[in-house]
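*Asks:* Let me begin by handing over the structure; questions about it come next.
None of the figures in this text is laboratory data; all of them are computed from the coordinates on show. Everything numeric here is computed off the predicted structure, so don't read it as measured data. Reconstructed Cβ throughout: ideal geometry from the backbone, glycine too, with neighbour counts over all protein chains shown.
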Amino acid sequence: MSLIGRPKKYRIIRHDPKVSFFSPRGRPGRPDEVALTMDEFEAIRLADNLDLSQKEAAKSMRVSQQTFSRILKKGRKIMADAIAHGKSIKIRGGFYVINTQQENPQTNHQRELNPGKFK
């Protein structure tokens with residue numbers, strides 16, 4: 001008997017990152033790399049860059065406040081690991097829909113990537 005959880009909902013992303021790869025300077029060779037998913041990037045952008053409350057940010061991404069908090073915590077942990085240990089950060093993957101329009105989510109550009117592939 002296999003346990004199957006609820007299907008994962010698409011997270012709403014309002015902005016594609018202008019830069020999707022960050023690498024530390026001053027580190028010889030190729031540094032280790034961590035992956036930050038698009039929903040983790042968006043959560044950090046909304047909470048830390050735009051200073052939205054978790055309630056407002058969760059509403060923007062169309063997830064519950066608890067889910068938003070989990071995404072944000074994971075994204076911050078990945079960023080802290082990369083900064084503390086001189087790792088490169090690659091922004092990619094996740095279950096998301098890019099929606100630059102606030103009112104009409106039916107006209108979205110959709111991308112689906114298996115989030116488990118990028119670990």
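*Asks:* List every residue whose amide H lies under 5 Å from the amide H of Val34, counting only residues 5 or more places away in sequence or on a different chain, with H placed 1.01 Å from N in the peptide plane.
*Replies:* Ser88, Ile89, Lys90
*Asks:* Gap in Å between the Cα centre of segment 1-23 and the Cα centre of segment 47-95?
*Replies:* Answer, in whole Å: 11.
*Asks:* Same structure again: Using the Karplus curve 6.51 cos²θ - 1.76 cosθ + 1.60 with θ = phi - 60°, what ³J(HN,Hα) values do you get for each residue of segment 69-83, in whole Hz, with x for Gly and Pro?
*Replies:* 4, 5, 4, 4, 4, 5, x, 5, 5, 5, 4, 4, 4, 5, 5
*Asks:* Highest mean first, how do 76-82, 16-22 rank when packing is the count of other Cβ atoms within 10 Å averaged over residues? Can you show the working numbers first?
*Replies:* Working: 76-82: 15.6, 16-22: 11.7.
Going from most to least packed, we get 76-82, 16-22.
*Asks:* Compute, for segment 3-68, the length of the dipole vector about the Cα centre, with Cβ point charges of +1 (Lys, Arg) and -1 (Asp, Glu) only. Units Debye, rounded to 20.
*Replies:* Result for segment 3-68 is approximately 200 debye, rounded to the nearest 20.
*Asks:* For the pair Ser23 and Gln66, what calculated FRET efficiency results from E = 1/(1 + (r/R0)^6), where r is the Cβ-Cβ distance and R0 = 30 Å, to the nearest 0.05?
*Replies:* Values: r = 33 Å, r/R0 = 1.11.
Efficiency for this residue pair is about 0.35.
*Asks:* Beta carbons within 10 angstrom, averaged per residue: use that to sort the peptides 30-43, 58-71, highest first.
*Replies:* Averaged packing, sorted descending, gives the order 30-43, 58-71.
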